[in-house]
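Encoded as structure tokens, the structure appears first; notes follow it.
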Amino acid sequence: MKVALPVESKSLKAPVCPSFGRTPLYVLIDTDGGTHEFLENAAAASQGGAGIKAAQELVDCGVAALITYRCGENAAQVLNAAGIKMYKAQDGSVNDNIAAFKDGKLSLLIEIHPGFHNHGGGKK
Amino acid sequence: MRIAVLSGKGGTGKTFVSVNLSCAAEQSVYVDCDVEEPNGHLFLKPEITTKAPVTVIVPEVDMDKCIRCRKCVDFCKYNALALVKDKMLVFYEVCHSCGGCALLCPVKAITEKERAIGTIEEGESGNVRVLTGCLNTGEVSGVPIIKGLIDKLPKDGDIVIDCPPGSACIVMESIREADYCILVAEPTLFGVHNLSMVYDLIRLFDKPFGVVLNKCLPEENPAEQFCVEHQIKILAKIPYDEELGRLNSKGHIVAREDERYRELFERLLEALRKEAIS
């Protein structure tokens, strides 16, 4: 299964990025094969609707689950339409979150915010 | 003469100056462009003659015709479209109504439909014709409503445009057709900071302008200092006056009820005419 996380830098030891739509990178992890790849987030510089575009990218990559601190309502609509499950990230690295995910310790992300629209959103 | 009244922050007295200025004129049009929270009508209490919706165009996608080429999705600069599992999601509030998606679609699967985002009310209040723009709750941009208001303005006569606070797109749209701009400032450091932002904006637009200093106290006025430093014309000084505050808070128009204030705003109008000619 392919799992995506927004991440600050190209390392599995890096922390999960607090922003979903404007993260610089995503890491896509194949939990069965144990492989991973990094994906530049083309939506990061969007004038508007970054979350929508970022979600579209993940849908197109065939992602089945997303681990994130939070997600805006427009992006959530795209992810939901594609049946991508959203999990709430925990403090720690990508590796820590993947381990927790495999152990079934991550809860589903139920809090969907109305979007920051270029105003803040930098903190967890 | 089209006079736009603006300020960097809310609460400096834009509506107070605009309403009183329109009442001091013999005949005038007052236009409330503060479409997120129009409040000039609370003072002018116009008798409404017409109320019409303002609409924008948004795309509608016929999925039977759509060939999933994604040209529209990739084109949209605001990411208003997403194609997921054979379904096109359209985010109306993100759409800027450019029409590009419909133009690009190779199979004409996209048509445009109208969506209401607010209203424009027209009414009369004595010598003042009142135009009020009102954006529906939850909508993102008031620009189309302001465009609609500006389109309705008569060519001649005294027109006072009550602008939204700040210096963003909706303010730019409001002052575009103005002959003269009044910046209203209050005597606080916060007020000066916001005054300097609209000052920068006005200079970009190359409009003639001057400042009305509101709520003036006997103490030093940082907004006045800013004007002196930047050689900005001070059009009028309105004192901090508790009686004025009381009348205003009850929705009274001082230029219609108090001789002193009537004269103050008549003088301001006179000064504006001279400024606009020179």
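When 1/r is averaged over all different Cα pairs and the result inverted, which Kirkwood radius in Å belongs to chain A?
One decimal place: 14.0 Å for the Kirkwood radius.
Excluding residues on the same chain fewer than 8 positions from A:Lys88, give the aspartates and glutamates whose Cα lies under 19 Å from its Cα.
Filter leaves A:Glu8, A:Asp30, A:Glu73, A:Asp96, A:Asp103, A:Glu111.
Under a Cβ-Cβ cut-off of 10 Å, what is the net charge of the residues other than B:Glu121 that fall near it, where Lys and Arg count +1 and Asp and Glu count -1?
-1
Would you mind giving the average projected area, over all directions, of the Cα convex hull of segment B:118-202 in nm² with one decimal?
6.8
Where does segment B:1-141 land on Rg(C-alpha)/(2.2 N^0.38 Å)?
Working it through for segment B:1-141, the quotient is 1.43.
Over the Cα atoms of chain B, what Rg and Dmax result, in angstrom?
For chain B, the Cα-based Rg and Dmax read 21.9, 72 Å.
Provide the packing ranking of A:101-111, B:76-86, B:91-101, i.e. peptides ordered by the mean count of other C-beta atoms within 10 Å per residue, highest first.
Packing proxy ranking, top to bottom: B:76-86, B:91-101, A:101-111.
Could you compute the net charge surrounding A:Lys10? Neighbours are other residues with a C-beta less than 15 Å from the C-beta of A:Lys10; K and R count +1, D and E count -1.
-2
Could you please tell me the mean projected area of the C-alpha convex hull for segment B:1-50, averaged over all directions and given in square nanometres to one decimal?
Mean shadow area of the hull around the Cα atoms is 4.1 nm².
Could you work out the equivalent-ellipsoid semi-axes for segment B:185-278, taking the square root of 5 times each eigenvalue of the Cα gyration tensor, largest first, in whole Å?
24, 18, 11
Okay, helix-only estimate at 222 nm for the protein assembly as shown: each DSSP H run of n ≥ 4 adds -39500 (n - 2.57), divide by all residues, round to 500 deg cm²/dmol; what do you get?
Computed mean residue ellipticity for the protein assembly as shown: -9000 deg cm²/dmol.
Against the empirical 2.2 N^0.38 Å scaling, what ratio does the C-alpha Rg of the protein assembly as shown come to?
Output field value: 1.24.
For chain B, what's the relative contact order in percent, using C-alpha pairs closer than 8 Å and at least 6 residues apart?
Computed over chain B, the figure is 28 percent.
Calculate the translational D of segment B:59-120 in whole µm² s⁻¹ from Stokes-Einstein, where the hydrodynamic radius comes from the Kirkwood formula applied to all Cα pairs, the temperature is 10 °C and the viscosity 1.306 mPa s.
132
What list of ³J(HN,Hα) couplings, whole Hz, do you get for segment B:97-103 from phi and the Karplus terms 6.51, -1.76, 1.60, once you set θ to phi - 60° and write x for glycine and proline?
Once rounded to whole Hz, the list reads 6, 7, x, x, 4, 5, 5.
Taking 21 Å as the cut-off for C-alpha to C-alpha distance, list the pairs among B:Lys147/B:Lys233; A:Lys2/A:Lys53; B:Lys152/B:Lys215; B:Lys71/B:Lys147; B:Lys14/B:Lys215 that go past it.
B:Lys147/B:Lys233; B:Lys152/B:Lys215; B:Lys71/B:Lys147
Taking a cut-off of 21 Å between Cα atoms, list the lysines near B:Lys65, but don't count ones fewer than 8 places away on the same chain.
Once the sequence-local lysines are set aside, what remains near B:Lys65 is B:Lys85, B:Lys87, B:Lys108, B:Lys113.
What does the net charge come to around A:Tyr26 if you take all other residues with beta carbon closer than 14 Å to its beta carbon, with K and R at +1 and D and E at -1?
The answer is -2.
Taking chain B as a Gaussian network, where each spring joins two C-alpha atoms under 10 Å apart, which residue of B:Gly166, B:Gly40, B:Gly126 fluctuates the most?
Of B:Gly166, B:Gly40, B:Gly126, the Gaussian network model singles out B:Gly126 as fluctuating most.
For A:Gly92, list long-range residues whose amide hydrogen, built 1.01 Å from N in the peptide plane, is under 5 Å from its own amide hydrogen.
A:Val16
State, as an integer percentage, the relative contact order of chain A based on alpha-carbon contacts under 8 Å between residues 6 or more apart.
Relative contact order comes out at 28 percent.
Where a number appears in this text, it was derived from the coordinates with a stated rule and is not lab data. The shown structure was predicted, so the numbers you read here are calculated from the model rather than taken from an experiment. Cβ sites come from the backbone with ideal geometry, for glycine too, and all protein chains shown count toward neighbours.
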